[in-house]
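Notes follow the structure.
The values are calculated or read from the model by the stated rules, or taken from the named source; none is laboratory data. Owing to the predicted nature of the structure, the values given are computational and were not obtained by experimental measurement. Cβ coordinates were reconstructed from backbone atoms using ideal geometry, including for glycine residues, and neighbour counts include every protein chain displayed.
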Amino acid sequence: MRTALCLLATAILLAPVMISHALGQSTEPAMAPGQAPSSSNPAASTRNIASAPGPALSRREAERMALANNPRVSVSHLLALAQHQIVREARSSELPTFTGSLTAQEANEASRVSSGSLSASRLFTRVGGGINLSQLITDFGHTTNLVASSKLQESAQQANELATKEDVVLVTDQAFYNALQAQALLQVAKQTVNLRQTTHSQVNQLAQNKLRSTLDLTFANVNLSQAQLLQLDAQNNADAAMASLAEVLGLDHLANYTLVDNTKNSPPPPPDEQGLLELAIRQRPDLQSLDLSRQSQEKFSHAQHDQMLPTLSALGTVGATPVRAGQYYVSSWDGAIGANMNIPIFNGFLFSAQAKEAKLRAQATAEQSRQLRNVIVRDVQTAWLDANNAFTRLGVTAQLLNQANESLGLARTRYKLGLSSIVELSQAQLQQTEAEIANTNAQYQYRLTLAALDFQTGVQP
């Protein structure tokens, strides 16, 4: 009897030591998002598209790839080249026109065409050739305004090309940071599974030794399953983010890159909101494009009005007729030079309607430009506010993570000493995981807001 009592007392005294040894875990915070877990977990066998490490890819390299491969950039560049050809088309009216002709005719000598034509009706057997010249002298501004309009439209298209590049850079930055964020959250999920797997194994061993209740083991099972579900979702989000990045980079296949974040410390947002507004109004390429389009349409309106003015042209011709009827041709060659003026009199008000249409379109484009200016002011203010809010959240989430790590450490210690239940430990683990996710999200969301602010202010790539 005395021996049994001694054994019971020894077991009671050694129980806290056994529990502390079984649950011996570090109270350090979870590993950084870039570190891989050291132990396996049940969710490790799930689908993982980007499991094998690929070539390193930084944000700047991703931007260069997108600008080189994205079809939107190619389309905007080709449209700018096409618009340059329209300038050449308009300018061709100012240059001389040369045409050559060669004519051979077998006819009933001196017969006449009696129907179907108002030209010279006499027919002769002949073979001849010649060159004709036509040169516009003046159309009183019509062609000049058309050339100026097409040049301004070319400049507008070039501004559109730059706007497309800036938009592609923004989308690339967003896809890059979203992929980094998804990968970081995946690492957090993996670490959570590892920690809860360790806790589950320890609680299971204690339950088998009758040192913890089945309730504790049930809570450990639930916590582990929640962590595995979190990892499954995080893995799917990471794979989807990489697929989105590949599309932005202009790739038609899934590329596996090791994303490298070279940004160590993100700078705070600019303090001067008014300066950002002035910068955006001055250098936003889409606003410049609309202004240039308005000017182009005004020039086109003037050109349409100038159609109602006369057109003065110089004409010339020279040729030879080696085969001819001598009695009808006094010389083997022919030539002449002259001038011609066309004066529009009435065409059903066509020219005036075209001029009015072009003027109204120019006024509509001016209103579109004013609307875009208001939108830019709103978007810059919103982007600046978002950046300041995201920057403030960096400190708050970092403080939250430190507090969650401290709370988790205290909960582990209390659980080791038998002063609390696994419910308290589970709650602390959940809070630490949520704090880790919030801190990771805050870091990448701030970088996204900075990229959006650069885009809104028209920072060129």
Yes or no: segment 243-256 includes at least one residue that is surrounded by fewer than 17 Cβ atoms within 10 Å (Cβ to Cβ), under 20 Å from residue 189 (Cα atoms) and either of a type in the set (Phe, Trp, Tyr) or in contact with a helix residue (DSSP H, G or I) (Cβ under 8 Å, 6 or more places away or on another chain) (or both). no
Does residue 430 fit the bill of being touching a Phe, Trp or Tyr at 6+ places or on another chain (Cβ under 9 Å) and either at pLDDT below 95 or buried (at least 16 other Cβ atoms within 10 Å of the Cβ) (or both)? no
Could you please find all residues in segment 124-147 being small (Gly, Ala, Ser) and within 21 Å of residue 341 (Cα to Cα)? 134, 141
Does segment 352-410 hold any residues that are of a type in the set (A, V, I, L, M, F, W, C), without any contact (Cβ under 8 Å) to a residue 12 or more places away in the chain and within 22 Å of residue 459 (Cα to Cα), and which are they? 375, 385
Do the conditions hold for residue 163, that is, is it touching a Pro at 6+ places or on another chain (Cβ under 6 Å), of a type outside the set (Lys, Arg), touching a residue at least 24 places away in the same chain (Cβ under 8 Å) and surrounded by fewer than 20 Cβ atoms within 10 Å (Cβ to Cβ)? yes
Could you pull out the residue among 91, 64 that is within 13 Å of the chain's Cα centre (by Cα), surrounded by fewer than 16 Cβ atoms within 10 Å (Cβ to Cβ) and either assigned to a helix (DSSP H, G or I) or at negative phi (or both)? 64
Within the group 220, 207, 234, which residue is over 23 Å from the mean Cα position of the chain (by Cα), small (Gly, Ala, Ser), crowded, with 19+ Cβ neighbours inside 10 Å and at pLDDT below 90? 220
Kindly list the number of the only condition in (1) in a helix (DSSP H, G or I); (2) within 26 Å of residue 380 (Cα to Cα); (3) modelled with pLDDT under 95 that fails for residue 271. (1)
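Conditions tested, residue by residue: (1) farther than 30 Å from residue 175 by Cα; (2) more than 27 Å from the chain's Cα centre (by Cα); (3) hydrophobic (A, V, I, L, M, F, W, C).
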| position | (1), (2), (3) |
| --- | --- |
| 359 | yes, yes, no |
| 389 | no, no, no |
| 412 | yes, yes, no |
| 416 | yes, yes, no |
| 427 | yes, yes, no |
| 433 | no, yes, no |
| 442 | no, no, yes |
Would you confirm, using the coordinates I've provided, whether residue 238 is of a type outside the set (Ser, Thr, Tyr) and within 20 Å of residue 189 (Cβ to Cβ)? yes
Out of (1) of a type outside the set (Phe, Trp, Tyr); (2) closer than 30 Å to residue 377 by Cβ; (3) in a strand (DSSP E or B), what's the single condition that is false for residue 289? (3)
Which count do you get for residues in segment 399-427 that are more than 18 Å from residue 217 (Cβ to Cβ) and part of a helix (DSSP H, G or I)? 14
Pairing a residue in segment 416-432 that is assigned by TED's automatic domain parsing to the domain that holds residue 203 and of a type in the set (Asp, Glu) with any residue that is in a helix (DSSP H, G or I) and surrounded by fewer than 19 Cβ atoms within 10 Å (Cβ to Cβ), where Cβ atoms lie under 7 Å and the two sit 6 or more apart in sequence or on different chains, gives 424/414
